């Protein structure tokens, strides 16, 4: 499959008429061809018109057909083989093994949503029988969830596959029955086109209306704003910076008809190190923490940017082991020159905070756009006094915060902003303290984990990759896992609808064999 | 129980220090004592501090205890007997029978949420087993929903009981485990205090922390804005005008930490009258439509403000019967002088629209604040040309829109704003057209009903009282029915949490006997 530098609008390949965009190899700074050209309002209009034209037909096809369509996309991505991995490697600087893993995850996500479609609980079919003898009579009431409408998805810089063109947002929206228009991230234009062409092909092969999928490219915020403010678009999925996410939320709120934005934005993923865990295995925790910190050059939303411990001898051992482990870590290439520059700036700003000092670092950069891992340390008091210490620095930077006692640790937890994750390292004698922290942290984070590290987000039924603001713009949602589909659905009640016109999921006799709530009782009969 | 004119903040009765507020009997214009005094920022602060202090304890009690608490509120409201009905009747001008029905509904709502709590599916307990042998190993992942935090509820003018102090929003939020702070609607201050004291008593009797419930009063928007922007508040429930709802949404969005607002705002509830239904039973539909139009002096969110029919002889018969039925209808007292003035203004504005003419009316007003029901008529073309014809006029006013053909009817449906309800009157030969309309209308409304009238909102599992903007500010939610609880919940994932620290709902062996999703399979073992 060739990369042409075109946008994909419905079944067409369209050459943009706006500014030229080029992919850059961050490891060398070299331009990678071909040239792309950004789209503008005209391309947004065309993609949206096609999406609207496709919506009713697409949402009406059977869940089985949608499942098969998602599986075809998964297989198509796998069939790209090394072409995809090599292109993604050059555009992102990420290691091949990491990208192979991410490809597997991307395919798994699509297949998980295929299984969600076949399971059918996503429709939330609910039936309340008519009670004609009651005063007043109760009508026949049936409820199902239907897709919200065409969805805009913004590709993420740090997951060129799993959170981009055919990533979790796209998979969830397509599963829900929503046409999707993706704005490719400019950091991996070729990767985006390759994956986009797989989806375009799968749409055609499945006999679906072409507007089910489009892929736009464009520099700057204009095309994104045009997309989010287009009246056809009914929801937005985004993974990226806090500033980027908030701009989309604001644009969506200012529409004549506001729409939901699911922006996954900013998290420093605090890790609380309790005393017994520290005295039993502090140095091991330190080494594992450093591994998690530098994984993927720290370019994960779940990167552990904050470690909170109590003063004492076990802290000294932890600190020493962490510094030693960090010293061994090489600098590594970040995703883009822009992300690298932001990392350098963020690290410098942390260094400027009074009472926050750098205590360890990895090896010095040996090439362009390489990030050197760093560890800072401060006290809980200073951390509380200077809000800048809580700012996310995207990359392998973390802050060790030292508390005088457990009360100070709980107080610090209480003042934290919303997070994607919070981690507790605790052994049995710590459980009482851990329980107190858990009560605080479940209000702060989408996922609370024990004796592990926050990087690594399982794609499963129970996963929550979400959390209170500013981790996300919508604390009720997750962007990873089976329930991510709920973001793109809304309930509709059908009252006394004639049998001939009832949706399949709500017909008498349950022809689809769904789990349904019938007069308050769950049943799949 | 005496009405003292105090606010209820936690366990205390507090006299406001801001402007005096008085209840008015709309039927006479007389002031009804006692005087109330509005609260300000200090009272908001106090109520919020108590709510925050109560939250962790309240959310930790068993669902059974919360269910019993809700049932105690229901019984307490019923035990107020005529005291409550008489006060509500004087403050609202609503008939006693209507208020008795509304009281029953209010108690039913509380009891429905008690049953929802006992059922336990609201917790969405989900477990994915650890897969230690997999590469990479999968951790143990468990998910449940927890309450979002303290909730602000704004009492509605038109349902002094069912959408006010102990109404659907309060019941759903208390069921979810959220402390609630209600801002009483100034139109029924005494009714609010009576019900508020029932909840205050139930909190004490159940041994719950006092901050679980507070009731504030205040004129103007200041106290409401202070409440919505207080950092403790994590969600808002509102039923009222579009302007009022949008102001709350804006205030919530402008917070440092934005929060969800569930505002149920504006709907004209279109009714589509298909040809065979019209020729078979046009005059009967006309009479039933007029009954629905004047029910509760048209002061329902689901009042049928729009009837759409096709030109022809059966339309003439419908029109004639509707005008005849309307002529017999008396003017009746509206809820407040302000609502009456807005109705008069809205009717006058409709009358000013070119090509929209009044074709029928009820009897002239015979007392203060009485609304005369009116029916206007226009063509689909004029309706499309002048957006003002779609504006909600709160009260017994409706517009009959005449289409030339079915295509014009579908086009009109396609251009409608979001609605709480849409109705189709159709007999068997109409079903093909009805199916086409249904595809349009399920995208426009939270509830689509056949051969009925939109007033009358069942409190059950399958009900959706919601819909796309501007019907509500959040199309994913319903404010009536069992799933209204979901508005006040958010998911949390627990990864490798030690057995001793797992939430009850997620423990091994399912000690609560909940429906849980275990490795993708539903089970209550």
- Item | Sorted by Cβ density within 10 Å, fewest first, the residues A:515, A:122 | A:515, A:122
- Message: Which residue in B is nearest the B/A rotation axis when you measure from the C-beta atom, and what is the distance in Å?
- Response: B:253, 3
- Please report, in cubic angstrom per residue, the volume enclosed by the convex hull of the alpha-carbon atoms of chain B. 162 Å³
- Can you work out the PRE-style zone for residue A:115? Point 7 Å along Cα to Cβ, and I want the residues of the range B:500-525 with backbone N under 13 Å. B:518-522
- Dimensions (Å) - the range A:397-525, Cα atoms, principal axes, largest first: 70, 30, 25
- Note on the structure: Taking the alpha-carbon centre of each part, the distance from the range A:285-325 to the range B:351-367 in Å is 74 Å
- Full-extension gain in nm, residue A:407 to residue A:436, via 0.36 nm per residue minus C-alpha separation: 9.4 nm
- Note on the structure: Honestly the range A:153-310 on the Cα gyration tensor test (a ≥ b ≥ c root eigenvalues; a/c under 1.5 rounded, otherwise a/b vs b/c for prolate or oblate) is just prolate
- In degrees from 0 to 90, rounded to the nearest 10, what is the angle of the helix B:337-352 Cα long axis to the longest principal axis of chain B? 50 degrees
- Note on the structure: What one gets for the range B:110-242 as the Kirkwood radius, inverse of mean 1/r over different Cα pairs in Å, is 16.5 Å
- Query: Between copies, how close do the residue B:64 label points come, placed 7 Å along Cα→Cβ, listed in nm from shortest?
  - Reply: 4.5
- Task: Would you mind getting me the FRET efficiency between residue A:255 and residue A:1? Use the beta-carbon distance for r and R0 = 41 Å, nearest 0.05.
- Result: 0.65
- Label points 7 Å out from Cα along the Cβ direction at residue A:32 and residue A:382: separation in nm? 4.1 nm
- Using the alpha-carbon atoms, what tilt in degrees (0 to 90, nearest 10) does helix A:242-253 show relative to the longest principal axis of chain A? 30 degrees
- Semi-axes of the equivalent ellipsoid of the range B:328-468: what are they in whole Å, largest first, if each equals the square root of 5 times a C-alpha gyration tensor eigenvalue? 28, 20, 14
- Between the range B:476-525 and the range A:384-422, what's the alpha-carbon centroid distance in Å? 29 Å
- Based on the Cβ-Cβ distance from residue A:204 to residue A:15, what FRET efficiency comes out when R0 is 22 Å, to the nearest 0.05? 0.65
- Item | Near-label residues of the range A:352-378 by backbone N, under 18 Å of a point 7 Å along Cα→Cβ of residue A:345 | A:352-353, A:369-372
- Task: If a/c stays under 1.5 just call it rounded; otherwise compare a/b with b/c (prolate if a/b is bigger, oblate if not). Do that for the protein assembly as shown, with a ≥ b ≥ c from the square roots of the Cα gyration tensor eigenvalues.
- Result: oblate
- When Cβ neighbours within 10 Å are restricted to other protein chains, what is their mean count per residue of peptide A:485-491? 5
- Message: Can you give me the convex hull volume of the Cα atoms of the range A:1-158, divided per residue and expressed in Å³?
- Response: 159 Å³
- Message: What does the structure give for B:433-441 when I average, per residue, the other chain Cβ atoms found within 10 Å of the residue Cβ?
- Response: 2
- Message: Could you tell me the center-to-center distance, by alpha carbons, between the range B:33-51 and the range A:1-62 in angstrom?
- Response: 55 Å
- Task: Apply 1/(1 + (r/R0)^6) to the Cβ-Cβ distance of residue A:316 and residue A:291, taking R0 = 22 Å, and write down the FRET efficiency to the nearest 0.05.
- Result: 0.60
- Message: Cβ neighbours within 10 Å, averaged per peptide: list B:130-136, B:360-366 in order, most packed at the top.
- Response: B:360-366, B:130-136
- Item | residue A:75 versus residue B:22: modelled label distance in nm, points set 7 Å from Cα along the beta carbon direction | 7.8 nm
- Note on the structure: Inter-copy distances for residue A:521, label 7 Å out on the Cα-Cβ vector, sorted ascending, nm, one decimal, are 2.2
- Query: Put a point 7 Å out from Cα along the line to Cβ at residue B:11; what are the distances to that point in the other copies, in nm, shortest first?
  - Reply: 7.3
- Note on the structure: If one compares the long axis through the Cα atoms of helix B:313-327 with the longest principal axis of the Cα atoms of chain B, the angle in degrees, nearest 10, works out at 70 degrees
- Simple SL model, points at 7 angstrom along Cα→Cβ for residue B:134 and residue B:96; separation in nm is 6.6 nm
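A short reminder: the numbers here are calculations on the coordinates, not readings from a lab. All values reported here derive from a predicted model rather than from experimental measurement. A quick note on method: Cβ atoms are made from the backbone with ideal geometry, for glycine too, and the neighbour counts reach across all protein chains shown.
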